[in-house]
Amino acid sequence: MRTPLSVVIGAGGTGGHIYPGLALADALRRAVPEAVISFVGTTRGLEGELIPAAGHRLRTVDMIPFDPALGAKRYLLPAALLRSGAQVRALLREQRAQVAVGMGGYPSAPVILGARMAGLPSLIHESNAVPGRANRFAARLTPHIAVAFDTGHLPGAVTTGMPIAASLAALDRPALRPLARRELGVPEGARLVLFNGGSLGAARLTEAALGLAERWRRRGDVRLLIKTGPAALDATRRALGDHPVARAVPYLDRMDLAYAAADLVVCRAGSATVAELATTGVPAVLVPYPYAPGDHQTHNARVLTDAGAGLLLPDAETTADRLAALVEPLLADPARLAAMGGAADPGPHAHAADLLAERVLHLASYTKEYA
C-alpha cells in the first residue's frame, strides 16, 4: 500500500501568502483526497484565524520577520531561523512529510530550512513580481522555485502563476453579475465601486473612500462598498452613519460575488489581488503600498497597468478629489471600462494551484495515478 501523501506548507503573515497556500492545499486534496496537509506559521499573522477556519491544522514556530525595521533585534534573526528550522524539522518527521512548500513571508523560510535539515525535497513559490527577503534566502536552499510573474528575479524559476481560489479561477462575471448585484444590494443601473485594501484593510484607501462617499451622497447612480479590515470597521461605520450610497464591511468571504458585481475596483496591488483582477477581468485603480519591500507592489501593479487593464495611482496622491478625477470619467464610459477589463492577460493564474500541486506531487514521487 502506498504511503499517504504528506505535505507541510509554510504560509503566514498576510492573506497574500495564506490564501495561495490554501488554494494549493485544495488542489492537492483534489488530486489526492486522503492527503495529510498541515501549515506552519507564527502567532503574529492572520494564519491563526484563516488556516483553522479553512479546516487545516496550523503549527506555529518561533520565527521573527526579515525586517530591517526591527533595529537591534535583527541580530536575533540567525538564531531565530535556526531554532524555528529545527522546530519544522521535528514537525516534518512527526508528520512523515514527503515534501515541504514555502509560499513566501517569513514563516516560509524555516519550512525550507527545516526540509533541508531533514533531507526532504522542498519548493518555494514567490507571489510578487519582486521576491521578498524570506524567499531570496530560501532560494539558496532549494533548486525548486515557482513564481507567479515571470520577471527574471529568481533565475531558474518556473512560472506557474498565482494560486487563487477555485471560485475565482472559474468565475463567469456576466453570468453571476445579476445574482451578485442582488446579494450586495446594488440597484438596477447603478455603478458599484469596490474599495479593497487587502486582508488587513488600508487606512489611505478607507479615508479616500469616505471622502468619495460624501461627494457622492446625493447620487443615485453609484454605490460604494468599502472593505476596511476588522480594525477600522467601527470607525468607518460611525463616519458613514446612515449613508445612502456607501457601506463598510470588515471582509468579503465571497470575493466572486464582489468581483462580479463591481464595475471598478480601487485597491492595493498585492500579488493575489493583481492575479485575481487579471483572471476575472475587473478594471482597477491600483494604489501600491509605498512601504512594500523592494516596492514590489508597484511592480505588481504594472502587470495590469502596462496592459491597459488598470490605472496606477501613487499612495501619496490618493485623495477623494484625485480619485474622483480618475473614477468619475470611467464610470461614465462603459466602453472604456469594458476595454480595460478585456485588456487583462489572465495568464496561468486560473490553473496555478493545479500546476503547483503537480510539481509538489512530482517532488513527493506521488502522482495522480497512485491516488
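Here are a few things to note about the model shown:
- For the chain, the longest principal axis of the Cα atoms and the long axis of helix 320-331 meet at an angle of about 80 degrees.
- Candidates ALA278, ALA235, ALA353, ranked by Gaussian network fluctuation over the chain, Cα under 10 Å, top entry: ALA235
- Residue exposure sequence - ASP150, ASP26 - by fewest surrounding Cβ within 10 Å: ASP150, ASP26
- Computed over the chain with a Gaussian network model linking Cα atoms closer than 10 Å, the most mobile of ALA170, ALA97, ALA284 is ALA170.
- The C-alpha atoms of the chain define a longest principal axis, and helix 108-118 lies at about 10 degrees to it.
- Per-residue Cβ neighbour rank within 10 angstrom, fewest leading, HIS125, HIS296: HIS296, HIS125
- For region 316-371 versus region 169-203, the inter-centroid distance based on Cα atoms is 15 Å.
- Size of charge dipole - region 171-343 - debye, nearest 20, with Cβ of Lys, Arg +1 and Asp, Glu -1, no other charges: 380 debye
- Here's the picture: charge each Lys and Arg Cβ at +1 and each Asp and Glu Cβ at -1 in the chain, and of ALA53, MET340, ALA166 the one pushed furthest to the positive end of that dipole is ALA53.
- Taken about its Cα centre, the chain carries a charge dipole of about 780 debye when Lys and Arg each add +1 at the Cβ and Asp and Glu each add -1 at the Cβ.
- Derived from the Cα gyration tensor, the three semi-axes of the equivalent ellipsoid of region 171-343 are 21, 20, 15 Å, largest first.
- Across the chain, the relative contact order, built from alpha-carbon pairs under 8 Å that are at least six residues apart, equals 17 percent.
- When the Cα positions of GLY12, ALA209, VAL40 are compared along the charge dipole of the chain, VAL40 comes out farthest toward the positive end, with charges on each C-beta of Lys, Arg, Asp and Glu.
- Shown for GLU49, GLU188: other C-beta atoms within 10 Å of each C-beta, ranked fewest to most, produce the order GLU188, GLU49.
- Calculated SAXS-style log₁₀ I(q)/I(0) at q = 0.11, 0.12 Å⁻¹ - the chain, Debye, Cα scatterers: -0.75, -0.88
- Structure remark: mean-square fluctuation, Gaussian network model of the chain, C-alpha springs under 10 Å; the largest value among ALA232, ALA335, ALA134 belongs to ALA335.
- When only Cα pairs below 8 angstrom with a gap of at least 6 residues are kept, region 171-343 shows a relative contact order of 23 percent.
- With respect to the chain, whose longest principal axis is taken over its alpha-carbon atoms, helix 203-215 is tilted by about 20°.
- With contacts taken as Cα pairs under 8 Å and at least 6 residues apart, region 215-276 reaches a relative contact order of 32 percent.
Since every read-out is calculated from the coordinates, none of them should be taken as a lab result. Here the structure is a predicted model, which is why all the values come from computation and not from measurement. FYI the Cβ positions are ideal-geometry reconstructions off the backbone, even for glycines, and counts take in every protein chain you see.
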